[in-house]
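Trainee: Have a look at this one.
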Amino acid sequence: QVQLVESGGGLVQPGGSLRLSCAASGSIFRFDVAGWYRQAPGKQRELVASMFTGGSTNYANSVKGRFTISRDNSKNTLYLQMNSLKPEDTAVYYCNGFWLGLNYWGQGTQVTVSS
């Protein structure tokens, strides 16, 4: 059974930084693509950043230059470094992995950007 557990969310002031972590049960490298999504109240879940097995990355236009996705294969962990946070980044952030035709999701971690 594949499990993804996020951590690192919280309350931060505008302009601040947070790093989200997603710990996978088993190798994070198994996923064809792993990434981060977010869902704000009243909005659809949207892709924030993704990383393919080979290491290539993809970012939403709204976070380019501010967020960085990375992974540590030795720790089976996916990260999302978020800098220059804005109030509009407030959302529940979910870790996702796609493997053998199935999507796997974590439980989500709340990120709130507010003064």
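Trainee: Any residue that is free of Cβ contacts under 8 Å to residues at least 40 places away in the same chain and touching a helix residue (DSSP H, G or I) at 6+ places or on another chain (Cβ under 9 Å) - is there at least one of those in region 52-62?
Mentor: yes
Trainee: Of the conditions (1) out of contact with any helix residue (DSSP H, G or I) (no Cβ under 6 Å at 6 or more places or on another chain); (2) surrounded by 12 or more Cβ atoms within 10 Å (Cβ to Cβ); (3) within 22 Å of GLY10 (Cα to Cα); (4) not acidic (Asp, Glu), SER115 clears all except one; give me its number.
Mentor: (2)
Trainee: Next question. Being at pLDDT below 90, on the phi > 0 side of the Ramachandran plot and out of contact with any Ser or Thr (no Cβ under 8 Å at 6 or more places or on another chain), is that true of even one residue in region 19-34?
Mentor: There is at least one residue in region 19-34 that is at pLDDT below 90, on the phi > 0 side of the Ramachandran plot and out of contact with any Ser or Thr (no Cβ under 8 Å at 6 or more places or on another chain).
Trainee: Separate question: What do you reckon, is SER62 small (Gly, Ala, Ser) and under 20 Å from THR112 (Cα atoms)? It would help to see each step written out before you state the result.
Mentor: Working: small (Gly, Ala, Ser): yes; under 20 Å from THR112 (Cα atoms): yes.
Yes, satisfied.
The values are calculated or read from the model by the stated rules, or taken from the named source; none is laboratory data. Model, not experiment: these values are computed from the prediction. Methodologically, a virtual Cβ is constructed for each residue, glycine included, from the backbone with ideal geometry; neighbour enumeration extends over all protein chains shown.
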